[in-house]
Amino acid sequence: MLGVGVAVLILGLSAIAVAQANRRASHRTLLTGGSFAGRSKVFRGANAAGLPVAGVIGIQFALESGQGRTAVPVRSVLFGTALAVALVVTTLTFASGLSNLVSRPPLYGWNWDYLLLPNNNIPPKAVSLLNHDPKIMAWSGADSTDLEIDGQEVPILIENVRAKVAPPILSGHGLDNQHQIVLGAGTLAMLHKHVGETVVVSLGTKKNAPAFVKPTALLIVGTATLPAVGYSSYIAEHTSMGTGAILPFGVFPAGYVNNGADPNLHGPQLAFVRMRSDVSARAGRADLERIAKAANKIFAADKNTFGNSVSVLGVLQPVQIVNYRSVGSTPVILAVGLAVGAILALGLTLASSVRRRRRDLAMLKTLGFTRRQLAAVVAWQSTTTALVGVVVGIPLGIIIGRELWTLFAQSIYAVPDPTVPVLSVLIVGVGTLVFANLVAALPGRSAARTPAALVLRAE
């Protein structure tokens, strides 16, 4: 599909350019007056800058349409070039944002390095190991379940107020007290609420105690990008990017948090662990595997917890990230296709311009221009057109690309962090100028071979 689309783009643009050139070109080149007969502002400005004569004429050809039936649609050419550069830069900027999202887990809710995941609870002795581990910068315990928010069943994470490690906040702020709630942006929209309003949360009935939370009003203080964490299918849902909520432990009764009488089950259900920056990924995982092994020994020695275990998990990507990761280099291929189409269009435009300015070129040749100078006129014309496209198109493409990426990130409830691929943008700028001169080679040779006597006699 991508290949067919690029082919249609290139062939379609080329066909339109040829049709336009043939429709507007006359069988005889007529001119009511020389395009450089009068001293225009462009002519005077380029001449005052000390440019060579070929450069002055080439810049005038690029920026002024000329007169009569030999006039060239300069504005359309400049607009098309700037638009092509802007589209390429927009595509590359969007691709950079996509690559940045996939490669940075905090942008999709995984705001830590590892997750300790038991199939029940983490034993308090393992919690003590986490508290005194020099390789760990910070960690926070959490529980995971479902409850009703305004009558809708929603997956939630339960954390301490002002937790050291928590999902990234999109708007507002995190939990500051026991009467607040942070929602996923999608859940906020589903409930038709806004930050600053209240919701009512509840869990079960009195018969389900201690797994019971009476209807309680909580203030919505922010939105967050939530991680894809939770248990398997026996829980209806798990949190993921825009879905879910974060509640404080204070909303739940102590019996619910302690999870029974066995003291080895009085720890959190989840542990979000962030390692120190100088600890390698391999060393960090090995350190947490040591803690998990110690926890598993505790479970094995307790007949009431025998069969429980703790696992160490790395980054868990939500389904959206898995899907977008499969896109791979498609945006870059699209940018290359756009660039090829723009180069072909510029080459056809230059060829049409040379054909329609044959009289001007013949006059220059009569006035003493050499073949090299005539070719240089076309090169200067092409370079000027490309330069205008670069100066206008690159900033425009960056702005549009960043805005589009921000809108896209917000639509999937990721943290919007647009980036600019500086190296790629520089390559586009330099490449545009280089290829503009390359595609000017054939039209330049055609201009150098303009038969002055025949053209002027025909006029």
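Here, each number is a calculation from the coordinates, and none is a lab measurement. What you see is a predicted model, and the numbers here were worked out from it, not measured in a lab. Note: ideal-geometry Cβ built from the backbone for every residue, glycine included; neighbour counts use all protein chains shown.
Show me the ranking of peptides 73-80, 414-421, 53-60 by mean Cβ neighbours inside 10 Å, starting with the highest. Mind showing how you got there, number by number?
Working: 73-80: 16.5, 414-421: 19.2, 53-60: 23.1.
Ranking the peptides 73-80, 414-421, 53-60 by packing returns 53-60, 414-421, 73-80.
For a protection proxy built on the mean count of beta-carbon atoms within 10 angstrom, sort 165-177, 380-392, 208-220 highest first, please. List each step's numbers first, then the result.
On the way: 165-177: 17.8, 380-392: 22.9, 208-220: 14.8.
Packing proxy ranking, top to bottom: 380-392, 165-177, 208-220.
Can you give the net charge of the other residues whose Cβ lies under 14 Å from the Cβ of residue 315, counting K and R as +1 and D and E as -1? Numbers along the way, then the final one.
Working: positive: 104, 274, 285, 325; negative: 113.
So the environment of residue 315 carries a net charge of +3.
Of the listed peptides 189-202, 92-105, what is their order by residue-averaged count of other C-beta atoms within 10 Å, with the highest listed first? If you can, show how the numbers build up before the last one.
Values: 189-202: 14.5, 92-105: 20.6.
So the order, starting with the most tightly packed, is 92-105, 189-202.
Which of 196, 280, 248 sits closest to the plus end of the dipole of region 111-316, meaning its Cα is farthest towards the positive end, when Lys and Arg get +1 and Asp and Glu get -1 on the C-beta?
280
Please compute the contact order of region 111-316 in relative form: average sequence separation of alpha-carbon pairs under 8 Å and at least six residues apart, divided by the residue count, as a percent.
Numbers: 465 pairs, mean separation 72.6, N = 206.
The normalised contact order for region 111-316 reaches 35 percent.
What number, in nm² with one decimal, is the all-direction average of the projected area of the convex hull of the alpha-carbon atoms of region 111-316?
Projected over every direction and averaged, the Cα hull of region 111-316 covers 11.2 nm².
Pairs 125/164; 125/207; 164/206; 125/206; 193/214; 125/303: which exceed 23 Å Cα-Cα? Kindly include the intermediate steps, with their values, before the conclusion.
Working: 125/164 20 Å; 125/207 32 Å; 164/206 33 Å; 125/206 32 Å; 193/214 21 Å; 125/303 17 Å.
Pairs exceeding the cut-off: 125/207; 164/206; 125/206.
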